[in-house]
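One structure is given below, encoded as structure tokens.
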Amino acid sequence: MSILSVRDVSQNFGATLALSDVALDISAGEQVAVIGASGCGKTTLLRLLGLQNLPSSGQLAALGFDLSSPSRKGLREVRSRIGMLPQDLGLVPNLRVVQNVVLGRSGKRNVLGTVRDLLWPSRVEREKVFKILDRMGVGGKMYDRTDSLSGGQQQRVALARTLYQGAEVLLADEPLSSVDPARARDVLELMAGLSAEQGITLVVSLHQVALAREFFPRIIGLKKGKVLFDGKPTDEEISTLYDL
Amino acid sequence: MWLGRRWLVVALGVVFFLCLARLGTNFVTHTPGSDPWASTIRFFSGAISPSLVDQNPSLPADADPFLSRLGDDLLRTIRYALIATSLAVPGGLLLGFFVSEQWWPRNGARVLFQLIRWPVRISLSLMRSVHELIWAIFFLSAFGDAPFSACLALALPFTGTLAKVFSELMDEQNRSPRGVITAAGGSGAQGFVATIFPMALPDMVSYALYRFECALRSSAVLGFIGVETIGLSINRSFENGFYGEVWTALYVLITTVILIEGLGHMIRQRMMSGKVRTRSSGLSESELRKAAPRDLFLRVNGVIWVVVIFMAFSIGEPLVTPMVEGQRSERISRFLTKLTPDPIAPEKSLLNWDARKEAWSDGSDQFVPWLADLWEYPGQEALINTLAMSVAAIIVAACLAILLIPWGIRTLANRNPLGLAMSRSSLPGVMGSLVRGFFVLTRAVPEYLYAFLLVGLMGPSAWPLVLALALHNVGILGRLWTEVVENQRRTIPSTILEVGGGRFQSYVAALLPMSLNRFILFFFYRWESCVREATVLGMLGVSSLGYYISIQQNFREYDDILFYTLLGAGLVVAGDLLSDFLRHRLRGENS
């Protein structure tokens, strides 16, 4: 069953056409890699799937919510079920790890609730955060300042924030951009493992074709805003992806 | 570059000579028969023998001892600065929040927020552009209560400055964490509270502490218009020729300012770096929570600040003097009547609507000629003098700072400049400490105080004021510029040392050109502040706007004072806009 649906969507920023007539469906629990050169529209596609931008034309639906008739409340509700992992992780460096993780639930809180979560998280919440962090291997860092953690540990904290959010969809924008080649495999293993274990739909944008092929059953290849490939590539098709 | 660095330097040279032509070359002016050298030598000899007892032999026997009086004045100075800053910080935070764009939603409602933003920005600009001394003159006349008026006079412009800086700090924060909150269904306000505010907080605390340091200096300066702070002690002792007392008070003030600066530096460093934990594996959530890193220094400091602020409000002379019923409103009404331009001011009370209407119909045709008269003389001349003084001062300060900083840069002034072995001599390190010490000392003393002392020594001309502004600003520019150079990448300047060049060569050929855009940025930032100061320095008897303000103050002609104040404010706003424009252009080139 499709939970992310894109129908003939185009997106332009001024005179620049970022996406052109894109059509795709992503089913619940699917693991998808979006690959392509810099500036091909990967981030724009992820932002559209996360309902961050309204498309210039075409139809977009996520988790049963149709963006052609958006209501503010409905939009916030559906966003609270989608986890975004930006390239720079979007962590507040001078907050403690626990505080960054509890921010994942902002969509289910109002301003005062967010302040309370930051300053006085309840015991139940703290224990839940600890369990998730422990599962990610950074439980011992729960009360440390986030900027005192290594890059890899921060990535795990950002993932923990998405898990705490209870996201049904995880959209990760180039999670390997600042990771050395040896650690890249660990990051993807962790994401794919979580997705399989918890049934989270995973959409990741990447540059590395080999890693995409190894970890993702489905690859979407973008070039200049157009989908040139969608599916599981055969050995013959793989050279097409390297040319993107 | 849009103008070309060389052309900018040439233009500044030309402007300086224009200022020289305007202000004249009579650097020292003394009345015939006076011996300026004798009093100068006597004044500076006080520096090596500051007095710990009263120098005035005619004081009654039961008078408080000098040090006790000085201590009281210092405490009062600190108290006013504390109250003013503690009022200005929440005010600045609230108004800064309104001006910041970081919490605005991304829909049509932005237009509404723009509508709120502009009136707030204009009010902030007006609050900042009027000097605290002038606010104090107005408030003392309107309310009469020295403590309350002094605190309000300091708090108002400081609120404007804090709001501007706070909003800029919030706008400059990384927006990605806020994006994560909105992507997860949170609102813009939630994103602001949970990400932008915590990220900006260390810089905001650091800047608030810097403003407290400024408030301390400004509070001292209020003594020169009669408010009982340490400035009043300095004023009295100097006028009586008790230079030992003057130097003791100066040392006390400088030490206090330096201590506050040091404390601010420590707090900032702690807030920026945080504490790192090492042992944490195998602990449960509650154990981790108990063992969580907490900075005791910051916590204790926070408690101390709260207690001290509470004490400032509750202990000592009451902030508001009790008055007979109706006396205060009568006083305010009289002040407002005097503040109304003369041709349209009612005879009796401004609060009487009929009297006001009658006065307006009788004198409205005289209003424009009244303004034109004031502008023709002395407004125009005073305005140009004020501008010339501010420009000359910032150029002198910049020249001095640019010559001194190569000797003060930490990365150059040591045995191993930029990490390369150079010599075994400790002279560069000693020179570095001396230069940096000079910057600390010069910026610790307020401009007005320098000006007061220099006018006493050099006689009443524009140059003591220019020198006073330059002296204070050389300390600030020296610090800011040194930090810019120290933060530059070392690769390029170190190649000059590697091929046998010296420290000065690597500064002139690499570090200076690399840092020039940021130097210019800070130059204009300080010029804007010089314009503001130059408007009031004239109160010491030199023909700038402040001079006419102080004359009209004697006659309680508040409408004339308002005219000169608005002229000065206009100049400050124009300087602010020009400096903002240039800073944005330069920032664009930096990025």
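Nothing in this text is a laboratory measurement; each read-out follows from the coordinates by a stated rule. Here the structure is a predicted model, which means the values were calculated and not measured. Neighbour counts are summed over all protein chains in view; Cβ atoms, including those assigned to glycine, are modelled from backbone coordinates with ideal geometry.
If you bin all the Cα-Cα distances of the protein assembly as shown at 20 Å, starting from zero, the percentages per bin are 13, 37, 33, 16, 2, 0. Remark on A:G58: its backbone amide H falls under 5 Å from those of A:S10, a criterion applied only to residues 5 or more positions apart or on other chains, H modelled at 1.01 Å from N. Helix content alone sets the calculated 222 nm mean residue ellipticity of chain B: runs of n ≥ 4 DSSP H residues at -39500 (n - 2.57) each, divided across all residues, give -24500 deg cm²/dmol.
Just so you know, the Cα atoms of the stretch B:293-362 work out to an Rg and Dmax of 23.2, 73 Å. Using alpha carbon centroids, what distance separates the stretch B:450-507 and the stretch A:116-180, in Å? The stretch B:450-507 and the stretch A:116-180 have Cα centres spaced 47 Å from each other. Using the Karplus relation 6.51 cos²θ - 1.76 cosθ + 1.60 with θ = phi - 60°, the per-residue 3J(HN,Hα) values for the stretch B:417-428 come to x, 6, x, 9, 5, 10, 7, 9, 5, 8, 4, x Hz, with x marking Gly and Pro. The distance from the alpha carbon centre of the stretch B:372-387 to that of the stretch B:86-148 is 28 Å, rounded to a whole number.
Taking Cα centre as origin and charging only the Cβ of basic (Lys, Arg, +1) and acidic (Asp, Glu, -1) residues, the dipole magnitude of chain B rounds to 2960 debye. Scoring B:365-372, A:41-48, A:150-157, B:305-312 by mean Cβ neighbours within 10 Å over their residues and listing the highest first yields A:41-48, A:150-157, B:305-312, B:365-372. Name the shape class, rounded, prolate or oblate, that the alpha-carbon gyration tensor gives for the stretch B:450-591, where a ≥ b ≥ c are the square roots of its eigenvalues, rounded holds for a/c under 1.5, and otherwise prolate holds if a/b is larger than b/c and oblate otherwise. Taking the square roots of the gyration eigenvalues as a ≥ b ≥ c, the stretch B:450-591 is oblate.
Here's the list of lysines a cross-link from B:K357 could span, going by alpha-carbon distance under 26 Å and ignoring same-chain residues fewer than 8 apart: B:K338, B:K348. Per residue of peptide B:285-295, the mean number of Cβ atoms on other chains within 10 Å of the residue Cβ is 4. The ranking of A:M191, B:M422, A:M84 from fewest to most other beta carbons within 10 Å of each one's beta carbon is B:M422, A:M191, A:M84. Specify whether the C-alpha gyration tensor of chain A places it in the rounded, prolate or oblate class, a ≥ b ≥ c being the square roots of the eigenvalues: rounded for a/c under 1.5, otherwise prolate if a/b is larger than b/c and oblate if not. Oblate, because a/c is 1.5 or more while a/b does not exceed b/c.
Per-residue Karplus couplings for the stretch B:174-180, computed as 6.51 cos²θ - 1.76 cosθ + 1.60 with θ equal to phi - 60°, are listed in order as 4, 8, 4, x, 5, x, 5 Hz, Gly and Pro entered as x.
Treating r as the C-beta distance of B:T491 and A:T16 and R0 as 35 Å, the FRET efficiency rounds to 0.45. The mean count of C-beta atoms from other chains within 10 Å of the C-beta of residues in A:74-87, rounded to a whole number, is 3.
Considering only B:I551, B:N385, B:A401, whose Cα is most displaced toward the positive end of the charge dipole of the stretch B:376-591, charges sitting on Cβ of Lys, Arg (+1) and Asp, Glu (-1)? My answer, from the dipole projection, is B:A401.
Assuming charge only on the beta carbon of Lys and Arg (+1) and of Asp and Glu (-1), the dipole of the protein assembly as shown about its Cα centre is about 2440 debye to the nearest 20.
For B:A215, what charge total do you get from the other residues with a beta carbon under 12 Å from its beta carbon, if Lys and Arg give +1 and Asp and Glu give -1? Charge balance near B:A215 sits at +1. Fewest-first ordering of B:Y548, B:Y207, B:Y251 by other beta carbons within 10 Å of each residue's beta carbon gives B:Y251, B:Y207, B:Y548.
Calculated [222 nm] ellipticity per residue, helices only, for chain A: -10500 deg cm²/dmol; basis is -39500 (n - 2.57) per DSSP H run with n ≥ 4, divided by all residues, nearest 500. With contacts taken as Cα pairs under 8 Å and at least 6 residues apart, chain A reaches a relative contact order of 28 percent.
Measuring between alpha carbons in the structure, the pairs from A:K128/A:K232; A:K73/A:K128; A:K42/A:K108; A:K108/A:K131; A:K128/A:K223; A:K73/A:K223 lying more than 30 angstrom apart are A:K128/A:K232; A:K128/A:K223; A:K73/A:K223.
Give, as a single signed number, the net charge of other residues whose beta carbon lies under 11 Å from the beta carbon of B:A569, with Lys and Arg counted +1 and Asp and Glu -1. Once all neighbours under 11 Å are counted, the net charge is +1. Using a cutoff of 8 angstrom between alpha carbon atoms and counting only pairs six or more residues apart, the relative contact order for chain B works out to 17 percent. Electrostatic tally near B:E483: other residues with Cβ closer than 13 Å to its Cβ, Lys and Arg +1, Asp and Glu -1, net +4.
In this calculation the C-beta distance from B:I304 to A:S150 is compared with R0 = 41 Å, giving a FRET efficiency of 0.70.
Remark: the stretch A:148-202 carries a charge dipole of roughly 140 debye about the Cα centre, counting +1 on each Lys and Arg Cβ and -1 on each Asp and Glu Cβ.
Centre-to-centre, using Cα atoms only, the stretch B:510-552 and the stretch B:8-65 are separated by 20 Å. Considering only A:G29, A:F65, A:L103, and ranking their Cα positions along the charge dipole of the stretch A:1-108 that arises from unit charges at the beta-carbon of Lys, Arg, Asp and Glu, the one farthest toward the positive end is A:L103. In the stretch A:89-166, a dipole from Cβ-located charges (positive for Lys and Arg, negative for Asp and Glu) runs towards its positive end, and of A:L118, A:Q153, A:G137 it is A:L118 whose Cα lies farthest in that direction.
Most tightly packed first, judged by the mean number of other beta-carbon atoms within 10 Å of their residues, the peptides B:391-398, B:120-127 read B:391-398, B:120-127. Neighbour counts of other Cβ atoms within 10 Å put B:T340, A:T162, B:T255, B:T195 in the fewest-to-most order B:T255, B:T340, A:T162, B:T195. What's the FRET efficiency of B:R415 with A:E197 using the Cβ-Cβ distance as r and R₀ = 45 Å, to the nearest 0.05? After rounding to 0.05, the efficiency reads 0.15.
Take each residue in A:90-98, count the other chain C-beta atoms within 10 Å of its C-beta, and the mean is 6. With a ≥ b ≥ c the root eigenvalues of the C-alpha gyration tensor of chain B, is it rounded (a/c under 1.5), prolate (a/b larger than b/c) or oblate? Taking the square roots of the gyration eigenvalues as a ≥ b ≥ c, chain B is rounded. Amide H to amide H, with H built 1.01 Å from N, A:K226 comes under 5 Å of A:S20, counting only residues 5 or more places away or on other chains.
3J(HN,Hα) along the stretch B:72-79, derived from phi through the Karplus expression 6.51 cos²θ - 1.76 cosθ + 1.60 where θ = phi - 60°, amounts to 4, 5, 5, 4, 5, 4, 5, 4 Hz, with x in place of Gly and Pro.
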